[in-house]
Amino acid sequence: MQAISGKKLWILFLMFTGYTIILSQENPDAVKEQTAKMEEAISGDNQEKIIRIIQTYPELTIRYQNSLYHIMQKEKKSSLRTHILKLVVAILKEENYHKSEDKKAYFESRLFAILGWDSSFLKNAVYSELDSVGDDTGILMDDGDLITGLMEIIRLYHWGDSTYKIMPFIVFPFTEVRKAAYLTYAELKDDRIVSILLEMLQSKNPLEKIYAIDALYYIHDERAVKILLELLDDENKSVRFYAIRTLDEMKRSEALTPFIRIMTDDNNPEIRVKAIDVLTKYKVQNAFYPMKKMVFDPHPDVRKAAIRGLYVFNNKIAAVDISRQIEFETLDELKIMEIQALLFYKSYGIGQTLKELIINEKNPSILVWTLYCVGETGYKAAEAEIWKRYPDLAPMEKAEALAALGKISDGNKVPSLVDILRDEQESPMVRYAALWAVKKINSRSQVWALYNITDSVIPGLLLHNIKKTVVFQMKSHLN
């Protein structure tokens, strides 16, 4: 296959980045004119004019690479260098680059084809650009995409002498830039940065501690574990939070016991939630009994995390505490979660709670979940309360109540269900629920109660289903 020329690669690249291309073959006089303008701009160190020229005539970049490189490196600030490095960083995002078998080789070939640069040119430009960040005459602090891209280039080439170039960025104000710095150090495995981070961990400045802890999330080093464990009791809540996060990422088993104490004793709800989440992830058995007490925590986020966490232990004893909390729960969302937890644990420990909800609950969604829970857990003691409240329920609630009754009632209640089924004023949803309940109970002594209404029900789909249910009952009891 014929090799693609540098010019064509430039054209493809600049089409990708949105530049306007004018083919030099089609207008040689214009190229000659722009060449003269380029030489004039270079002689006058006019970087903005050079940028405008190479946007239209990119092939001139290769022709004047040495001169352009010299201009870029003359001063700490260089709009030309920033512009060209943005193009270089864009190569990292090219689709073909990510599909390449050898990313570094592909990148170097594109770099040379577009700029005529080798890795030494690139390294000096990258280092100069990083040196200019934050300086009054340097590139903008908020140009995070460029900074993170330059660090990605450092990782690609594994430049081991970049330690001090990257160091300012471990305390950079933007999260993505700090993360890029941490990832770069993790890739380089430079021991010097660990010493600096250990010093920062003992700083009196909470922000420095947080940045160091955050860096160690990516740069796992056992020497930091002892200090991180001590920082679990730091007075700053963010320091404590990041310490938990990093110890979790480092999979330090010695931190799990302190996490149990933090779950119950820390004064910050966000920290308690984080501890619960980590203990849940590792299913720490010693955490079960303390965690089930957290369903009474005053903060709703902690209660939610505890309920969610208790599922992994699959211990029915948790249902007792959850059932007790339902009586005091003020948030509807959590009350539904707690009822769903009782469903998970089935019939153990639900006691008087469901009966009280059936009697007093005003929220329709909670009442429907309660009725469903009664049916699924087979809680027969709630039957009387369901019948007492039934007349005042909305159709959806009535249907769920009848479904529950079908699961917990005996044949003595079939006549009442048949009366509901016979009532032409009742909604179809409710009547079908009553029929389902009759079929579910399937009482031998009440087969004729259902059969006797077949002449009084208006012909239609409901009557058809009533007759099918009668046939089902007869067959099941004859067998």
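Restricting to the stretch 305-324, count the residues that are modelled with pLDDT of 95 or more, crowded, with 20+ Cβ neighbours inside 10 Å and of a type outside the set (A, V, I, L, M).
So the count comes out to 1.
Would you confirm whether or not the stretch 446-454 contains a residue that is open to solvent by 40 Å² or more (accessible area, probe 1.4 Å), of a type outside the set (Val, Ile, Thr), within 18 Å of Val374 (Cα to Cα) and out of contact with any strand residue (DSSP E or B) (no Cβ under 8 Å at 6 or more places or on another chain)?
Looking for residues that are open to solvent by 40 Å² or more (accessible area, probe 1.4 Å), of a type outside the set (Val, Ile, Thr), within 18 Å of Val374 (Cα to Cα) and out of contact with any strand residue (DSSP E or B) (no Cβ under 8 Å at 6 or more places or on another chain), one finds none in the stretch 446-454, hence no.
Report yes if some residue within the stretch 97-111 is of a type in the set (Phe, Trp, Tyr), at pLDDT 80 or above, open to solvent by less than 20 Å² (accessible area, probe 1.4 Å) and assigned to a helix (DSSP H, G or I); otherwise report no.
Yes - at least one qualifying residue is present in the stretch 97-111.
Considering the stretch 418-438 alone, what residues qualify as being closer than 17 Å to Lys388 by Cα and free of Cβ contacts under 8 Å to residues at least 24 places away in the same chain?
Those that are closer than 17 Å to Lys388 by Cα and free of Cβ contacts under 8 Å to residues at least 24 places away in the same chain: Asp419, Ile420.
Report whether or not Gln55 is at pLDDT 65 or above and out of contact with any helix residue (DSSP H, G or I) (no Cβ under 7 Å at 6 or more places or on another chain).
So Gln55 passes the test.
Of everything in the stretch 338-381 that's small (Gly, Ala, Ser) and closer than 22 Å to Ile307 by Cβ, which residue is modelled with the highest pLDDT?
Result: Ser365.
The values are calculated or read from the model by the stated rules, or taken from the named source; none is laboratory data. Not measured: the values here are computed from a predicted model. Glycine gets a Cβ as well: all are built from the backbone with ideal geometry, and neighbour counts include every protein chain shown. For accessibility, only protein heavy atoms count, side chains too; no ligands or nucleic acids. Shrake-Rupley method; radii C 1.70, N 1.55, O 1.52, S 1.80 Å.
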